[in-house]
Amino acid sequence: MNNEYVLKMEDISKEYFGNKVLKGVQLKVRPGEIHALMGENGAGKSTLMNILFGMPVIHNTGGFEGTIEFDGQKVSIDNPHKAMELGIGMVHQEFMLIPGFTVTENIKLGREITTPTVASALLGKSLERLDTAAMAADARKALDTIGLGVEEYAKVAGMPVGYMQFVEIAREIDKTGIKLLIFDEPTAVLTESEADRLLETMRVIASQGIAIVFITHRINEVIAVTDSMTVLRDGTFVERLETKDTTAARIAELMIGRQVEKLVEDVQEDKRSIRDDDLLLTLKDFHVDMPGERVRGVDLNLRRGEILGIGGLAGQGKVGIPNGILGLYPASGEITFDGQNIDPKKLGDALQKGVAFVSEDRRGVGLLLEESIQQNITFTAMQIQGKFLKKIGPVTQYNSRQAYQHTQDMIQALDIRCTGPDQWAGRLSGGNQQKVCLARAITMEPKLLVVSEPTRGIDIGAKKLVLELLAKMNREQGMTIIMVSSELNELRSLCDRIAIVSDGKLTGIFAPDASDAEYGLAMSGVVEGDKNHD
Amino acid sequence: MSNSPLNKRSWQDALKQFLFENKVIILFVGLSILCMAIAQTNVSYIASEVFSRFGRNACLVLALIIPCLAGLGMNFGIVVGAIAAQISIFWVVHWGFTGITGFVLCVLMTTPLAILFGWLQGMLFNKTKGSEMITGLVLGFFAAGLYRLFVLYIMGGVIPYDDPNLLDRGFGLRNAFDLTGNLKYALDDISCLTTFTVLSVVMLLSTLVVYFYGKKTGAESKPIAGKLIGWGALLVFSIVARYIPFLNEMLGGTRLLLSDAAVLGGLALILWGAMLLVKNRPGKADPMFAKALKWVILGAVLVISAMIPVVSKVYRAVRLPAMTLAVICLYVLFNSWILNTRLGQNMRTVGQNRSVATSAGINVDKIRIIATCISTVLAAWGQLIFLQNLGTFNTVQQQDNVGLYSVAAILVGGANVQKATNKQAIIGVFLFHTLFVVAPLAATQLVGDSAISEYIRMFFSYGVIAVSLAMHAWKLAGNSKKKA
């Protein structure tokens, strides 16, 4: 193996509106090497790849600092086209394929082979006729290179997802002079056997001298296929490792490794009694078909009175669980809640039976942005439970006085900063919006409160307030809470137990003080954790 | 859901799928038969009506295919093209040109106007991505309003227009514009033999152009001898046949009997299919083989049908305009040809997914404008063909229903807002106009009032559009359920 690097990115820094997302990162890849780029969500992997690919999002926000050397030459890549010309290809996480087209048409998209016609002689090249035979031959060659036996004239629509991924790869291979290929979490959507084939294909491609940057969370795949890796954490460069010199546990530690800071003061002493046999909610073989957050068979027990955290990397299915319980996405499996069954196919069934939900999509699902705070807080309770209504003869009317009073109380109790109950919810800051969402959930007086990503997009001060509020509700009112969050740190500072989801399945339930390596491995789906951990 | 391969389906499933996919067509075939049964009219009359309407409308409907595939939905905006055609007719008639000369002049005048209109329309569509259909519909109303102003005031009021068609008050055109004696049947009256001559000369020339251009650019050129011989033979035939009384009587007149056309067309199809069969030997797992076989069988059916007395009686009642049919064929060929060019491929890409198209380096906005222009120009020519056949038209509101009827027709043929083919357009024109002819007859038979026919047609066209859009939505819902 040649020791000279085909790609050398050094001292890369990038700021988005004053927020430093990359701080002096370096990435070096040798020709014909499979190099893993690892890190949690938000570690800066995609920003680094966007820089390498010259994406407009980088250059519209003030460019970046640092140098890129490609093939021994210092280069400035300011648009994706330039990157392609240099020989950098990318296999996207979301397929850039057209389902209605054949495999050949997709592979040759934008690079069709044509022959002259009478019209093109008169009116220009765009009227040249497609040479379908030559295109098919090229496509066949690319498909054979990666060993995909699919017919080149088959339509992409209806193919298994794995095949689409391979077609996408074939397209990149077909481009002439490709030197570096980026795989952006290619195995996330694949079945196990498809993923194995993909890894095999990556080896074949690398053996032809093409360098591969492999972005993934899955540590076992990294161990299996890569030669070396770069680990990023919070926008900083952690280490460049040769795969043969390291272990899965070490990688996990490097990815997670950070101090647990206390986000929540102990509001008051813990007087709760949580019993293992007093279950509020059980999930059995729970599946949710939420695009991008699929849940593939989860069994989970929730004890009355506890705060259960659900963590895991983005796209692994943790957000799917609450959305499935509430019936917002097609779900199957058995949900037992406080002695009765919840039918996930019936929208509103969970709400009616006493589950309140604060959605991760605050501005989309959570709030009526152009309605008053009062409307937002009272709306669900009014619809589901018939609160804030008065009967005048045969008609029911909105009891605005009662609602106003309740909203005032909530504003005081949760310290919502606003001009009054009439202010539009859309005008509030993120943290205050989140409090409105919580107020609405509390108004329902639920037996179970499910909060999804409660601190997403709100500043650190507000974050603390929201978390303390949750803790207070749990301690004072004995409310059982499920909290879904991408921020492990947050979960560890608040929850009694933390369930980690990877690839739509539960990989472990841990105590908040379990080690970084344990969490890291579970998040990468490597080991089956101790499910009865208490 | 199982991933079983498609070819292992049972025939029941296959039949079910066939019925489901063709449900729109099946519905309207059923309706037609029902209406015919109620109306109890002479089949020969219906056939001749339907064929004459086919010749009139087919081109307008075929103009809808390109924008549909480019993701613009059903282009209700072809009204604008029709307006361009009508404006050009006012002047050509005024200058006193008649016959085919006048018609060609109309085409020459209409084209730049239609390109201009199409370009403006395309820019508007680019500003309203995702709601092109409603934009096109409203644009049609808007353009019709401007056109009324033009016809009723500007003609003669601002632009001097000294013509008997002008109202006595000195500005504004009369309500009916008569084409008798100038443009009526300008295209329809060209005989089959002349059509052959023109066609073969054009094809010979273009074959040579491609050959020499290909040579100049250094691309490897395919042998052209076969093409030259074929088209040359047609040219010789079209000239010689004039001196053979039997052939001249059959092909030299202004119209072609459907019975003759069926035999000739059938023979041509058999010949074409046989040629394909020889080229692509059977046994190979080649889709071309099945296709060729289909042509041969279709040709044989046509020839045989012409020999059955009952059918042949109907065939003899229908007289076809040869050149107009040839133009319709050219429209069909143009559509399939352009889709096989780089431009066409780009259009389809844009139609399927704009963001993928952009990432493949395609200028999406430009492609959409080109597609709109093509549609507008084709529609403008189509309106010229329509009007020369009609012979007289309503100066003010002739264009109003062009978009509506054309869209209804193509939808009846099984097209939807995302996909339309030549076949669907052709089938759609036949089906829609069959119903258009027989539904009022049936209504008259039932109610006993002939005035009802206009209401029936209006109700019917909008109904067709609503039903086929609903059925398309049903199909989409079915698909997404299957995926889940």
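The values are calculated or read from the model by the stated rules, or taken from the named source; none is laboratory data. Everything numeric here is computed off the predicted structure, so don't read it as measured data. When we count neighbours, we look across all protein chains shown, and the Cβ atoms used for this are built from the backbone with ideal geometry, even at glycine.
Tell me whether the stretch B:463-474 contains one or more residues that are among the β-branched types (Val, Ile, Thr) and within 16 Å of B:Arg53 (Cα to Cα).
There is no residue in the stretch B:463-474 that is among the β-branched types (Val, Ile, Thr) and within 16 Å of B:Arg53 (Cα to Cα).
Only one residue in A:Leu97, A:Leu109 is surrounded by 14 or more Cβ atoms within 10 Å (Cβ to Cβ), closer than 22 Å to A:Leu199 by Cα and at the interface with chain B (Cβ under 10 Å from one of its Cβ atoms). Which one?
The conditions single out A:Leu97.
Which of the following residues is within 12 Å of chain A (Cβ to nearest Cβ) and buried (at least 18 other Cβ atoms within 10 Å of the Cβ): B:Ile362, B:Ile328, B:Ile385?
On inspection, the qualifying residue turns out to be B:Ile362.
Here are some conditions: (1) surrounded by fewer than 18 Cβ atoms within 10 Å (Cβ to Cβ); (2) closer than 28 Å to B:Asn340 by Cβ; (3) more than 14 Å from chain B (Cβ to nearest Cβ). A:Val103 meets all but one. Which one does it not meet?
All conditions are met except number (1).
Among (1) away from every other protein chain (no Cβ under 14 Å); (2) buried (at least 18 other Cβ atoms within 10 Å of the Cβ), where does B:Ala357 come up short?
Unmet condition: (1).
Results for (1) closer than 23 Å to A:Arg304 by Cα; (2) polar (S, T, N, Q); (3) within 14 Å of chain B (Cβ to nearest Cβ), shown as yes or no for each residue.
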residue	(1), (2), (3)
A:Ser372	no, yes, no
A:Ile377	no, no, no
A:Gln385	yes, yes, no
A:Leu389	no, no, no
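Are any of the residues in the stretch A:413-420 in contact (Cβ under 8 Å) with a residue 60 or more places away in the chain, within 19 Å of A:Glu468 (Cβ to Cβ), of a type in the set (A, V, I, L, M, F, W, C) and buried (at least 21 other Cβ atoms within 10 Å of the Cβ)?
No, that holds for no residue.
Give A:Gly324, A:Gly364, A:Gly339, A:Gly348 a once-over and let me know the one that is under 21 Å from A:Ile310 (Cβ atoms) and surrounded by fewer than 19 Cβ atoms within 10 Å (Cβ to Cβ).
One residue alone meets the criteria, A:Gly364.
Being farther than 23 Å from B:Met275 by Cα and aromatic (Phe, Trp, Tyr) is the filter here; which residues of the stretch B:292-342 pass it?
B:Tyr315, B:Tyr331
From the list B:Ala415, B:Ala420, which one is within 14 Å of chain A (Cβ to nearest Cβ), part of a loop (DSSP other than H, G, I, E, B), of a type in the set (Gly, Ala, Ser) and in contact (Cβ under 8 Å) with a residue 60 or more places away in the chain?
B:Ala420
Output the residues belonging to the stretch A:82-109 that are touching a helix residue (DSSP H, G or I) at 6+ places or on another chain (Cβ under 8 Å) and of a type in the set (Gly, Ala, Ser).
Matches in the stretch A:82-109: A:Ala83, A:Gly89, A:Gly100.
Return yes when A:Glu152 is over 20 Å from B:Met347 (Cα atoms) and crowded, with 18+ Cβ neighbours inside 10 Å and no when it is not.
Yes.
Kindly indicate whether any position in the stretch A:117-125 is away from every other protein chain (no Cβ under 14 Å) and either of a type in the set (A, V, I, L, M) or touching a residue at least 24 places away in the same chain (Cβ under 8 Å) (or both).
No, the stretch A:117-125 contains no residue that is away from every other protein chain (no Cβ under 14 Å) and either of a type in the set (A, V, I, L, M) or touching a residue at least 24 places away in the same chain (Cβ under 8 Å) (or both).
Specify which of the listed residues (B:Leu208, B:Leu204) is under 29 Å from the mean Cα position of the chain (by Cα), more than 30 Å from B:Asp188 (Cβ to Cβ) and within 14 Å of chain A (Cβ to nearest Cβ).
Residue meeting the stated conditions: B:Leu208.
Which one is nearest to the chain's Cα centre (by Cα) among residues in the stretch A:309-332 that are modelled with pLDDT under 90 and assigned to a strand (DSSP E or B)?
A:Gly311
Output the residues belonging to the stretch A:114-132 that are part of a helix (DSSP H, G or I) and of a type in the set (A, V, I, L, M, F, W, C).
A:Val118, A:Ala119, A:Ala121, A:Leu122, A:Leu123, A:Leu127
Do we find a residue being under 30 Å from B:Ile46 (Cα atoms) and part of a helix (DSSP H, G or I) anywhere in the stretch B:288-295?
Yes, there is a match, as at least one residue in the stretch B:288-295 is under 30 Å from B:Ile46 (Cα atoms) and part of a helix (DSSP H, G or I).
If you check A:Ala133 against the conditions, is it of a type in the set (A, V, I, L, M), within 11 Å of chain B (Cβ to nearest Cβ) and closer than 30 Å to B:Ile374 by Cβ?
no
Would you kindly identify the helices (runs of 4 or more DSSP H) lying entirely within the stretch A:1-105 that contain at least 3 residues that are in contact with a Leu (Cβ under 8 Å, 6 or more places away or on another chain) and modelled with pLDDT of 80 or more?
Per the criteria, A:45-53.
Does any residue of the stretch B:334-346 turn out to be assigned to a loop (DSSP other than H, G, I, E, B) and within 14 Å of chain A (Cβ to nearest Cβ)?
yes
Out of A:Ala499, A:Ala511, A:Ala517, report the one residue that is at pLDDT 85 or above, surrounded by 19 or more Cβ atoms within 10 Å (Cβ to Cβ) and assigned by TED's automatic domain parsing to the domain that holds A:Met290.
That would be A:Ala499, the only listed residue that is at pLDDT 85 or above, surrounded by 19 or more Cβ atoms within 10 Å (Cβ to Cβ) and assigned by TED's automatic domain parsing to the domain that holds A:Met290.
Residue by residue through the stretch A:112-129, note down the ones that are under 44 Å from the mean Cα position of the chain (by Cα) and within 11 Å of B:Ile338 (Cβ to Cβ).
A:Ser126, A:Leu127, A:Arg129 - these are the residues of the stretch A:112-129 that are under 44 Å from the mean Cα position of the chain (by Cα) and within 11 Å of B:Ile338 (Cβ to Cβ).
Conditions (1) aliphatic (A, V, I, L, M); (2) at negative phi; (3) assigned by TED's automatic domain parsing to the domain that holds A:Asp349, marked per residue:
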position	(1), (2), (3)
A:Phe286	no, yes, yes
A:Asp289	no, yes, yes
A:Leu300	yes, yes, yes
A:Ile307	yes, yes, yes
A:Gly312	no, no, yes
A:Ile321	yes, yes, yes
A:Ile325	yes, yes, yes
A:Tyr329	no, yes, yes
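Consider B:Thr180 against the criteria (1) surrounded by 15 or more Cβ atoms within 10 Å (Cβ to Cβ); (2) closer than 30 Å to B:Leu256 by Cβ; (3) in contact with a Gly (Cβ under 7 Å, 6 or more places away or on another chain): it satisfies all of them except one. Which criterion is unmet?
For B:Thr180, the failing item is (1).
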